[in-house]
Structure formats: C-alpha cells, structure tokens
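Written below as structure tokens is the structure these notes are about.
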Amino acid sequence: MAAGDAIMNAEMPIAELVAEMGQRIAAIISDEAEEGVVPRFNQAKTLGCLRGEFRVHQDVPAELRHGIFAEAKTYPAMLRFANATSRDDAEKDARGLSIRLSGARGPVLWGEEGFQDFVLNSYPALFVATPEDFLGFIRARQADRKLWFFLNPFNPHLKSFWIAFKSRQKHLCPFDVRFWSTTPYKLGEDSGQVVKYSVIPCSDYQTTQAENPGRDQLRAAMRAHLRREPAKFHFAVQLQTEPASMPIEDASVIWDETLSPFQIVATITIEDQDFADEDTMAACERRSFNPWQSLAAHEPLGRMNLVRREVYAHAAALRTSNNRE
Ligand code: HEM
C-alpha cells in the first residue's frame, strides 16, 4: 500500500496523532518554503491582517454571558483573512478567518495571558470527521495523492470529497463571506454548555464585481470596501441543544440552524487602514493563532481540537523561527 492508503478507522492515541501530524506537516511546509519564507500548512495565502474592534452587546442573554461575552465591553481585535490553498484570488477556494482579541481577563489554557483566539473557515463543516481522517489526508498530501484520499476504492472518503468540493467558492470580497468554527467549544467553565461560532457579514456595503480582477483581487476588494465603508461582522454562538444530531466528535456534521439558531453576541468593526504595505504583510506572516490561546470559559472541545494545540504550535514555531525578519 502506498502512503495515504492505511485504513484508519480505529482511534489513535492523541500523542501519536500529534507526533505524526507534526512531523509530516513540518516536512510539507519546509518543502513549500519560497525565498526563505516557510508558509502555513493551511490558509497559507495571507489576504491581510487588520485591526478591528470586537464589541460585546449589552443584551446578550444571561445563559450566553460567559468569558468574553460576560459583559458589554469592547476588545481590540486583530483579524487575519486568508485563502485555504490557492495563491490566485480569482480561483474557487475556501477562506479562513483568524481573530485575536486582546484585553481578555483571566488565566488562559495555553499561550499568553490576555489574549483570546477564534479560528474559523468559510464552510460550516470540516471536510474530515476525525483527526485520524485528517492524518490520512496529510499522508496523502505529502505523497501528492490528495485525490486518492477521497476516491481510494478500498477506503473512500466521499463525504469529505463533497464537503471539500462545496466549500470551494468564488468570492468577491472576504468581508462578504460567512465563517464558522466547525469544531465545538465550551461556553462557561462549569455551565455544561457547548457551542459553535459563526462570524456573519453585516457591512453597509457589499462588493458586486471583482475589484482589479486577478491574483490579488480579494486584497484589492478589501481596500476598496474600507475606503467606502467600515467592514462589519456579527459574532454569533450556536448552542448544542441535541447532542445526538449535534455531535462533538464529528467535525463534518453541520449543526442544524433550524433546531438551534446562531445568536448574535458581538459586532466586529474594521475601519479603513493601510494593511497591504510590505511591512504590515510581513508582520502578518509572522503572526500565529491557536484555538487553545483561550480563556477556560471557551475551552476547545473534542479530539479534533485537542490535536490542534500542539500541531499549530509546532508549525508556527517552525515558520516564525525560520522566516526572515
Ligand atoms: C486536526 C485538525 C487540524 C489540523 C492538524 C490543522 C492544522 C493546521 C496547521 C498546521 C496550521 C498552520 C498553523 C501555523 O503555521 O501557525 C493551520 C492553520 C489554520 N487552520 Fe487548521 N488544522 C486543523 C483543523 C482546523 C479546523 C477545524 C479549522 C476550522 C475552523 C481550521 C482552520 C485553520 C485556519 C483558519 C488556519 C490559519 C491560522 C492563521 O491565520 O494563522 N483548521 N491548521
């Protein structure tokens, strides 16, 4: 059997998953380095890192008032928008949004005190259900046999293929894209509540045609948008109300919004700013985010999230220690 063929239906210990993913991802991104810059394994093309504010609303329902959402307060935010796989913005792709809030009060689970990260994708489900399947995909990517991972007749991943297909879209501007956490998080240290997040565009302006069509059209569209109007998003949480149909351990399942609608808890606003100059873009390359950079009230849940803590940290260390200043 070639690399990527191993059938992995059995649960692997987390430490083994982390070790193998870490080692393979390190090899993949080192191979992909260009001019001394080691890229991210996922969401490698930076569209921009922008400063914004994250304003928690006054009227958050009592059951959602935990951690960051406990009181009406405005947090400074840093937001990184990215393309999942493509360097050409005109192509279909999934997009990523990573958010770091500063001024978060309380001890963090990992990382630096005072910061809360949220890491989101532009599709409500992840293309794989489990970290074992994610590892299968990483093996296939390393062996340059991604299609085989999806269509291997001995161990097909047809649902993954479908989600990967559906999540790739043409977009005109990242400020008009909706994002989802796909994986679940605690809401409240001891409340027993489980939620997913979504970031929902709500600007007064929408891009209706490509701005400077071509490889960098999304960055151009972001600049054009901000010159006209601030970019705005709602930040919303969806409570897990039916554990059977809203599982923690299958990241490929979309939690039904008709059973439990997303409830808005905050508004993100991004004002006009210079973000596409060389220095700001280079600083953005050196940034890293981690779902575990988090207050205990928002603890990442499930095995998929568990492996991300060390795997992200390892990949980020490799990038930031190797990348040129
Ligand atoms: C086992 C599951 C996963 C693994 C192994 C994995 C791996 C990685 C790695 C290695 C990076 C680069 C980190 C860095 O260099 O700083 C990354 C970035 C990213 N991943 Fe994942 N990922 C997983 C699941 C997810 C999920 C569920 C989402 C959905 C929201 C996601 C969204 C992102 C985004 C948006 C970034 C870019 C972070 C940034 O802006 O720096 N990943 N992922």
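The values are calculated or read from the model by the stated rules, or taken from the named source; none is laboratory data. Small disclaimer: the values here were computed from a predicted structure and weren't measured. When we count neighbours, we look across all protein chains shown, and the Cβ atoms used for this are built from the backbone with ideal geometry, even at glycine. For accessibility, only protein heavy atoms count, side chains too; no ligands or nucleic acids. Shrake-Rupley method; radii C 1.70, N 1.55, O 1.52, S 1.80 Å.
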Residue satisfying condition, being modelled with pLDDT under 95, touching a Gly at 6+ places or on another chain (Cβ under 7 Å) and away from the ligand (no atom under 13 Å from the Cβ), within set Gly4, Gly36: Gly4
Please work out which one of (1) of a type in the set (Gly, Ala, Ser); (2) out of contact with any Cys (no Cβ under 9 Å at 6 or more places or on another chain); (3) open to solvent by less than 40 Å² (accessible area, probe 1.4 Å) is the condition Ala244 fails and give its number. (3)
Give the residues of the stretch 27-48 that are open to solvent by 20 Å² or more (accessible area, probe 1.4 Å) and in contact with a helix residue (DSSP H, G or I) (Cβ under 6 Å, 6 or more places away or on another chain), sorted by residue number. Phe41
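Just the residues that are of a type in the set (S, T, N, Q) and touching a residue at least 12 places away in the same chain (Cβ under 8 Å), please, taken from the stretch 250-282.
Pass one, the stretch 250-282, residues of a type in the set (S, T, N, Q): 252, 258, 260, 263, 267, 269, 273, 280.
Hits for the stretch 250-282 are Ser252, Ser260, Gln263, Thr267, Thr269, Gln273, Thr280.
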Scope the stretch 294-315; condition more than 11 Å from the ligand (Cβ to nearest atom) and touching an Asp or Glu at 6+ places or on another chain (Cβ under 8 Å); matching residues: Ser294, Ala296, Ala297, Glu299
Condition check for Arg223: within 14 Å of the ligand (Cβ to nearest atom), free of Cβ contacts under 8 Å to residues at least 60 places away in the same chain and under 23 Å from Val119 (Cα atoms): no
Being open to solvent by 20 Å² or more (accessible area, probe 1.4 Å) and either aliphatic (A, V, I, L, M) or in contact (Cβ under 8 Å) with a residue 24 or more places away in the chain (or both) narrows it down to one residue among Arg95, Arg65, Arg80, Arg51; which is it? Arg51
Could you figure out which of (1) open to solvent by 20 Å² or more (accessible area, probe 1.4 Å); (2) within 17 Å of the chain's Cα centre (by Cα) isn't true of Ser181? (1)
Looking for something out of contact with any Phe, Trp or Tyr (no Cβ under 8 Å at 6 or more places or on another chain) and either of a type in the set (A, V, I, L, M) or within 12 Å of the ligand (Cβ to nearest atom) (or both) - is there at least one such residue anywhere in the stretch 111-124? no
Subset of the stretch 269-293 that is of a type in the set (A, V, I, L, M, F, W, C) and under 16 Å from the mean Cα position of the chain (by Cα) - its residue that is farthest from the ligand (Cβ to nearest atom): Trp292
What about Ser198, is it among the polar types (S, T, N, Q) and assigned to a loop (DSSP other than H, G, I, E, B)? no
State all residues of the stretch 222-240 that are assigned to a helix (DSSP H, G or I) and open to solvent by 50 Å² or more (accessible area, probe 1.4 Å); if no residue qualifies, say none. Arg223, Arg227, Arg228
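Of Arg319, Arg309, which residue is modelled with pLDDT of 95 or more, charged (D, E, K, R) and assigned to a helix (DSSP H, G or I)?
Numbers: Arg319 fails: modelled with pLDDT of 95 or more.
So the residue among Arg319, Arg309 that is modelled with pLDDT of 95 or more, charged (D, E, K, R) and assigned to a helix (DSSP H, G or I) is Arg309.
Okay, residues lined up against (1) within 25 Å of Cys173 (Cα to Cα); (2) among the basic types (Lys, Arg):
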| position | (1), (2) |
| --- | --- |
| Leu64 | no, no |
| Ile68 | no, no |
| Tyr75 | yes, no |
| Ala84 | yes, no |
| Lys92 | yes, yes |
| Ala104 | no, no |
| Ser122 | yes, no |
| Thr130 | no, no |
Restricting the search to the stretch 281-305, which residues are crowded, with 17+ Cβ neighbours inside 10 Å and not in a loop (DSSP other than H, G, I, E, B)? Cys284, Glu285, Leu295, Ala297, His298, Pro300, Gly302, Arg303, Met304, Asn305
Candidates Phe175, Phe149, filtered to the one that is of a type in the set (Phe, Trp, Tyr) and more than 15 Å from the ligand (Cβ to nearest atom): Phe175
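If you check Ala84 against the conditions, is it farther than 18 Å from Ala316 by Cα and within 12 Å of the ligand (Cβ to nearest atom)?
So Ala84 does not fit the description; no.
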Take Glu189 and tell me if it is surrounded by fewer than 20 Cβ atoms within 10 Å (Cβ to Cβ), within 19 Å of Asp117 (Cβ to Cβ) and touching a helix residue (DSSP H, G or I) at 6+ places or on another chain (Cβ under 6 Å). yes
Among the numbered criteria (1) within 18 Å of Ala316 (Cα to Cα); (2) more than 16 Å from the ligand (Cβ to nearest atom), which one does Thr74 miss? (1)
